[in-house]
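The values are calculated or read from the model by the stated rules, or taken from the named source; none is laboratory data. Nothing here was measured: the structure is a model prediction, and the numbers come from that model. Positions of Cβ are generated from backbone atoms using ideal geometry, with glycine treated the same way; all protein chains shown enter the neighbour counts. Accessible surface areas use protein heavy atoms only, side chains included; no ligands, DNA or RNA. Shrake-Rupley method; radii C 1.70, N 1.55, O 1.52, S 1.80 Å.
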Amino acid sequence: MRWLLLLCPGLAGAADTDPVVDAVVAELARQQAELALPDSDPPYFIRAGLYRVRTAYVRASRGAVVTSSDRPWQYLGHEVRVGDTTLDNTNFGWARDIEGIGGVSLVVDLDPAAVRHDVWAHVESAYKDAVGALAVRRAVRRTHGGDGFPDAFTSAPVVREHIADEPRVEPDLAAMEAHARTLSAAFTGHPWVMGNVDLTHAVGRRWVVNTEGTRVSEPVRTYVVEVTAWTTTADGERNWRMMRFAGRQPDQVPALAQQLAQTEALVERLADWRELEAEEEAWLGPVLFEADGAVRLFNDLLVEALKGTPPVEREQGGYSDRSFSPLIPRRRVLPEGFAVVDDPRGDMTRPSAYHFDGEGVAGEVVELVRDGVLQTHLMSRMPNVHVQGSNGHGRADEDEPQLATAGQITVTADRVLSRRRLLKRAFGLAAQQGLDHIMVVRSVRRTGVRGEGNDSDLPTPSELVRLYADGREQPVRGLTWGTLDTRSLKEIVAAGDPHTRELSWNSVYRTITAPDVLLAEAELVPMPPAEQWVPMPGPPGSDGSE
Amino acid sequence: MLCWSLLIVLSLGGEPVAPDDVVTTAVAAEIDRTLEAWQGQEDPPYFLSTRVTETRSWSIRGEYGALSYSRADHGRRADVAVRVGDRHRDSTHALRERWDRRHRSDSGRLIVEDVPEVLQHQVWALTDRAIRKARERIVKVRGEAVVLVEETDPSDDFAPVAAHLWSDELPRIRPDVAELEDMVRELSGILHAGTWTEYSNAAIDIVDQTKWVVTSEGTRIRQPRRWIRLSMNAEASAEDGMDVDLYRWLDVDDLADLPPRAELERWAASLSTDLRDLLEAPVGAPYSGPVLLRGRAAGVFVHEVIGHRVEGHRQKEEDEGRTFRELVGERILPTSISIFDDPTLQTWAGFDLNGHYRFDEEGMPGQRASIVDAGVFRGFLMSRSPIRGFDDSNGHGRAQVGRHPVARMANTIVSTTDPKPEAELRRLLVAEVRRQGLPYGVIVDELAGGFTMTGRVQPNAFNVRASTSWRIYADGRPDELVRGIDLVGTPLTALQAVVAAGDDPGVFNGFCGAESGSVPNAAVSPSLLLSRLEMQLEEKEQARPPLIARPDLPGGDT
């Protein structure tokens, strides 16, 4: 079934008349009509995502530029589906590298004939791969059975919409270099702390078209400043921190002075952390997750589990990810009073904001959790056994399968405590357990690292503080999680002020807003000893020799 | 496996100037500081070296008459080498019973701005990592020395040398990017005009480098390197599924040396029609018999058959075939033929040579090395890794960014004292075909590259891909173009079959890949006639040709 749906008339701009996109549409139509290998299915669906963007990028280290570039690019991702919506070539194989899905760098000239040539060559190649993959998949289903697998694809409205341009601020490479130099100079007084500053400014437009007739486009605007810092202790423990300032335009991120102050503070905290002795005793008691720590707690333990795309079906039968067990709707995942909503257009100053996902489906406001109970999943057009239709959250790099992904997540609690009352509650719990302090997690590492001894779904804390009732703080290092997983979230006993952070996976951004939360009890255990190495000499500037 | 792909390099000389710049000063300061800190410690580094490569590049490509991309880049990278132990046996020594990544250097990006304290900090981080690895590795080296049998060639790991000082630079190149973009658009449009072509491009790459070598022995080198390549490529699939492609290129050291636009247009048109002819040509068959390798093809043959096997370090590694190790002083080719490798040569027969440099990546002056003199095998290409009977470097220690240097080819030159005109070589070919009672012989015109295996585990063989070959019939039938066959063989047998050389030295500029990475080099050779060489079918793709017509052609709909 197909629909024609015109959305949000207030946002729609003039009709999209881009001749390059016209050429892509024409070639996709020709391919769908004419591609046919002997005794094989023709494509039943072809999608293309076109990015036309100017991207400027600068990296600086300790006040000097490492690299900078400013270049236009045009890229086409494509997806060819063979079979039908109940069983096709996608989401099948060894990994997410799916036959029938890929991408190609196009000419940067806006030359419809040249672009069409590339579409011709690459989509046909993808079709041949897709036919091969489907044949194997059918054989696997005959051998291993197909019970319990969801359909491959669901219908979606046909949408034709062109979102008008936002104000376009062109990248200023010289200004970006100056910015990066200034910010990265914050490392210069701290020889043991390594780091980079990366600035990315992208402006352009993206299109999604498919052979059902969908043709949508919207502006691409990204301005992101990332500060990455790391250090290693004498006993081999490595800590890594990242701070990101993200907007769609340069004026939507904090001013340079504010970025610099936060960067200096980050570097100093990391330098101080390096001097700490590693904890040797395990700890069990109340843990307060603050700021980055709270955002990552919800992101890593909850939001990741709300993505509804099933894992890849393997050639050996079954799923590639044995741990795949999606949270089941109508079951409790958070305490009463908690709600989780994803609104892709909630804050249009964020690079995570979008009108249409990578499949051309309008991004919907999704009520994921109501009063602590799961309502649904984030969905692309690939269904799972619990949820069928897309809610406009299929997003990925253009040459990847468009998997369900978060856009702008907001976690709220119906009862929010002031920081004073939150701490009072925390110390009350501590006292019940005979403790004179609590642990505060202000950030966690990027990913889990092998050998950390971490038995949890949340990476090791990168900023952990022992907090006493009189306000004294004592930074801690050398501890990681005992057991902490999605079920632990039901043990949240109080919530405080919200914080917003931008996270990314490749070029796909998400925004998470989450409150500080208190877990009644969590276990932190000593990390196993790392390989020891004391640099000799220390870095220039560390020993007075330079 | 060692392979030769197609890329470029050119380099110009310059006036010697004492090296005095921020990079040299910062790197040298960190080396000194490191050595001082390790004084009196157990297993200190006895040698430190940092190479810095600064690259400004432009890469411009056109496809189907449009601009694919036009990029300008500027970057600096450092490669740090550390040796722990002593020169007789150190941390770089080959491990015989375990695989490791000893050819990979500790490499990282540096800032492109001249801020000495930041450069020094970055070099410190790389050096610290390298020392840590070297100290771990020397333990394994010592362990193997105790447990395993003695090595066949117990030569030292490192040769002591005097320090070298050199500084040189070229005027900064400033290409007219808009004009070059226009040129690749036009040339790619000509390539695309061939209706049989499925993919094609025209490209120009400009690389302007400054390379530093700073060592704890006091060597301080700064030298420039510039390479410019204009290339064209066209591809299509034959009815049998075989991918047929032609890639042609021209290397110059100055944009002004590019041929006029009209000539380049003719090249593009010619490449396109040659591709069509190849598509229509029959697939060759496995063959053993006389083969005439035209100049450039002969250069690649020599590169694969002899070149990699005379790289010095291979003569003492226990897993290497050491084809020529015991042939020093023996005759291996006709007395009319000599082979040498000379990085000091900038041009040959009017062509720029890719393998030119003044100093190698170990900071040693490049020198002419005699390999074969009047048919007699004389010696090897040497880095600072000595082998039995050959203690000293002859300036062939080479590496790409990210790898440690080993002995590699630079400009490998084949010469003859008995040059024969082309017609005479052809006559000799046909005579040999008749003598062997075969219906045809083969002339190989154009090669796409090749590879060879020098170790002991796999057959000690070579493979050279012939993109354009002709059957020359003994009964006078017209020559017949064939596609899809490779030259294969083993080195000693192949060399014994060389019977004559031409008077037409051909220059093949390329990039050669081996354990120290991809390095630019050149092979120069006159045509070579071999009484017997084997050809095998090349690997063939299995995908069907396009199912529907190119969109701009009848049957397409634009």
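Is there a residue being in a helix (DSSP H, G or I), among the basic types (Lys, Arg), touching a residue at least 24 places away in the same chain (Cβ under 8 Å) and under 24 Å from A:Val21 (Cα atoms) anywhere in the stretch A:119-133?
First, the residues of the stretch A:119-133 that are in a helix (DSSP H, G or I): A:119-133.
Filter once more, keeping what is among the basic types (Lys, Arg): A:128.
Applying the additional criterion that residues be touching a residue at least 24 places away in the same chain (Cβ under 8 Å) yields A:128.
This time we only want the ones that are under 24 Å from A:Val21 (Cα atoms), so: A:128.
Within the stretch A:119-133 (the criterion being in a helix (DSSP H, G or I), among the basic types (Lys, Arg), touching a residue at least 24 places away in the same chain (Cβ under 8 Å) and under 24 Å from A:Val21 (Cα atoms)), the answer is yes, since at least one residue qualifies.
Considering the stretch A:232-245 alone, what residues qualify as being of a type in the set (S, T, N, Q) and either out of contact with any strand residue (DSSP E or B) (no Cβ under 7 Å at 6 or more places or on another chain) or modelled with pLDDT of 95 or more (or both)?
A:Thr233 - this is the single residue of the stretch A:232-245 that is of a type in the set (S, T, N, Q) and either out of contact with any strand residue (DSSP E or B) (no Cβ under 7 Å at 6 or more places or on another chain) or modelled with pLDDT of 95 or more (or both).
Does the stretch A:31-63 hold any residues that are of a type in the set (D, E, K, R) and free of Cβ contacts under 8 Å to residues at least 60 places away in the same chain, and which are they?
Of the stretch A:31-63, the ones of a type in the set (D, E, K, R) are A:34, A:39, A:41, A:47, A:52, A:54, A:59, A:62.
A:Glu34, A:Asp39, listed by residue number.
Which one of these is in contact with a Leu (Cβ under 9 Å, 6 or more places away or on another chain) and under 23 Å from A:Arg296 (Cβ atoms): A:Arg419, A:Arg350, A:Arg415, A:Arg425?
A:Arg425
Regarding A:Val58, is this residue within 14 Å of another protein chain (Cβ to nearest Cβ), under 27 Å from A:Arg314 (Cα atoms) and hydrophobic (A, V, I, L, M, F, W, C)?
In short, no.
Scan the stretch B:104-127 residue by residue and report those that are more than 12 Å from every other protein chain (Cβ to nearest Cβ) and surrounded by fewer than 17 Cβ atoms within 10 Å (Cβ to Cβ).
Answer for the stretch B:104-127, where residues must be more than 12 Å from every other protein chain (Cβ to nearest Cβ) and surrounded by fewer than 17 Cβ atoms within 10 Å (Cβ to Cβ): just B:Arg104.
Taking the stretch B:413-437 as the search range and keeping residues that are touching a residue at least 60 places away in the same chain (Cβ under 8 Å) and under 14 Å from B:Gly476 (Cβ atoms), which one is surrounded by the most Cβ atoms within 10 Å (Cβ to Cβ)?
B:Leu429
Test B:Arg266 against the stated conditions and say whether it is open to solvent by 20 Å² or more (accessible area, probe 1.4 Å), free of Cβ contacts under 8 Å to residues at least 40 places away in the same chain, closer than 21 Å to B:Gly65 by Cβ and assigned to a strand (DSSP E or B). Don't jump to the end; show me each part of the working.
Values: open to solvent by 20 Å² or more (accessible area, probe 1.4 Å): yes; free of Cβ contacts under 8 Å to residues at least 40 places away in the same chain: yes; closer than 21 Å to B:Gly65 by Cβ: yes; assigned to a strand (DSSP E or B): no.
Against the criterion (open to solvent by 20 Å² or more (accessible area, probe 1.4 Å), free of Cβ contacts under 8 Å to residues at least 40 places away in the same chain, closer than 21 Å to B:Gly65 by Cβ and assigned to a strand (DSSP E or B)), B:Arg266 does not qualify.
Would you please name the residue that is farthest from B:Leu278 (Cα to Cα), looking only at residues in the stretch B:194-216 that are surrounded by fewer than 21 Cβ atoms within 10 Å (Cβ to Cβ) and aromatic (Phe, Trp, Tyr)?
Of everything passing the filter in the stretch B:194-216, B:Tyr199 is farthest from B:Leu278 (Cα to Cα).
Only one residue in B:Ala203, B:Ala234 is of a type in the set (Gly, Ala, Ser) and under 21 Å from the mean Cα position of the chain (by Cα), so which one is that?
That would be B:Ala203, the only listed residue that is of a type in the set (Gly, Ala, Ser) and under 21 Å from the mean Cα position of the chain (by Cα).
Among the candidates B:Arg358, B:Arg331, B:Arg325, single out the residue that is of a type in the set (Lys, Arg) and within 25 Å of B:Thr210 (Cβ to Cβ).
On inspection, the qualifying residue turns out to be B:Arg358.
Mind counting the residues in the stretch B:116-169 that are assigned to a helix (DSSP H, G or I), under 25 Å from B:Gly395 (Cα atoms) and aliphatic (A, V, I, L, M)?
2
Does at least one position in the stretch A:289-296 carry a residue that is over 30 Å from A:Ser61 (Cβ atoms) and not in a loop (DSSP other than H, G, I, E, B)?
Scanning the stretch A:289-296 turns up at least one residue that is over 30 Å from A:Ser61 (Cβ atoms) and not in a loop (DSSP other than H, G, I, E, B).
Tally the residues that are open to solvent by 60 Å² or more (accessible area, probe 1.4 Å), in contact with a strand residue (DSSP E or B) (Cβ under 6 Å, 6 or more places away or on another chain) and of a type in the set (Asp, Glu), restricting the search to the stretch B:234-263.
2
Here is a list: B:Ser49, B:Ser70, B:Ser59. Which entry is away from chain A (no Cβ under 12 Å), surrounded by 15 or more Cβ atoms within 10 Å (Cβ to Cβ), within 29 Å of the chain's Cα centre (by Cα) and in contact (Cβ under 8 Å) with a residue 40 or more places away in the chain?
On inspection, the qualifying residue turns out to be B:Ser49.
Looking at the structure I just gave you, is A:Gly132 open to solvent by 10 Å² or more (accessible area, probe 1.4 Å) and more than 9 Å from chain B (Cβ to nearest Cβ)?
For A:Gly132, the condition - open to solvent by 10 Å² or more (accessible area, probe 1.4 Å) and more than 9 Å from chain B (Cβ to nearest Cβ) - is met.
If you scan the stretch B:73-102, which residues turn out to be in contact with a Gly (Cβ under 9 Å, 6 or more places away or on another chain), part of a strand (DSSP E or B) and open to solvent by less than 20 Å² (accessible area, probe 1.4 Å)?
B:Ala78, B:Asp79, B:Val80 - these are the residues of the stretch B:73-102 that are in contact with a Gly (Cβ under 9 Å, 6 or more places away or on another chain), part of a strand (DSSP E or B) and open to solvent by less than 20 Å² (accessible area, probe 1.4 Å).
Inspect all residues belonging to the stretch A:107-115 and state whether any of them is among the small types (Gly, Ala, Ser) and under 29 Å from the mean Cα position of the chain (by Cα).
Checking the stretch A:107-115: not a single residue is among the small types (Gly, Ala, Ser) and under 29 Å from the mean Cα position of the chain (by Cα).
Considering each of A:Trp505, A:Trp481 in turn, give the residue that is under 31 Å from the mean Cα position of the chain (by Cα), open to solvent by 50 Å² or more (accessible area, probe 1.4 Å), more than 14 Å from every other protein chain (Cβ to nearest Cβ) and of a type in the set (Phe, Trp, Tyr).
It is A:Trp505.
Check B:Met382 against each of (1) open to solvent by 10 Å² or more (accessible area, probe 1.4 Å); (2) at pLDDT 95 or above and name the one condition it does not meet.
The single condition B:Met382 does not satisfy is (1).
A quick yes/no check of all residues on (1) open to solvent by 10 Å² or more (accessible area, probe 1.4 Å); (2) under 21 Å from the mean Cα position of the chain (by Cα):
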| position | (1), (2) |
| --- | --- |
| A:Pro335 | yes, no |
| A:Asp342 | no, yes |
| A:Asp347 | yes, yes |
| A:Pro351 | yes, yes |
| A:His355 | yes, yes |
| A:Arg370 | yes, no |
| A:Leu378 | no, yes |
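Just checking, does the stretch A:203-216 include any residue being over 30 Å from A:Ala33 (Cα atoms), surrounded by fewer than 20 Cβ atoms within 10 Å (Cβ to Cβ) and of a type in the set (Val, Ile, Thr)?
no
Quick one: is B:Ser415 at pLDDT 95 or above, in contact with a Phe, Trp or Tyr (Cβ under 9 Å, 6 or more places away or on another chain) and within 30 Å of B:Asp254 (Cα to Cα)?
Yes: the conditions hold for B:Ser415.
Considering only the stretch B:280-301, I want to know if a residue exists there that is more than 24 Å from B:Pro526 (Cα to Cα), outside any loop (DSSP other than H, G, I, E, B) and open to solvent by 40 Å² or more (accessible area, probe 1.4 Å). Reasoning before the result, please.
Step one: list which residues in the stretch B:280-301 are more than 24 Å from B:Pro526 (Cα to Cα), which gives B:280-286.
Among the residues that remain, those that are also outside any loop (DSSP other than H, G, I, E, B) are: B:280, B:283.
With open to solvent by 40 Å² or more (accessible area, probe 1.4 Å) added as a condition, the list becomes B:280, B:283.
Yes.
If you check every pair at least six apart or on different chains, which have Cβ atoms under 6 Å apart with a residue in the stretch B:304-322 that is polar (S, T, N, Q) first and a residue that is open to solvent by 10 Å² or more (accessible area, probe 1.4 Å) and assigned to a loop (DSSP other than H, G, I, E, B) second?
Going by the 6 Å Cβ cut-off, the qualifying pairs are B:Gln315/B:Arg322; B:Gln315/B:Arg325.
Out of the strands (runs of 3 or more DSSP E) lying entirely within the stretch A:409-502, which hold 3 or more residues that are more than 30 Å from A:Asp343 (Cβ to Cβ) and among the aliphatic types (A, V, I, L, M)? Working first, answer last.
Details: elements: A:437-444, A:461-468, A:473-476, A:479-481.
In the stretch A:409-502, A:461-468 are the strands (runs of 3 or more DSSP E) which contain 3 or more residues that are more than 30 Å from A:Asp343 (Cβ to Cβ) and among the aliphatic types (A, V, I, L, M).
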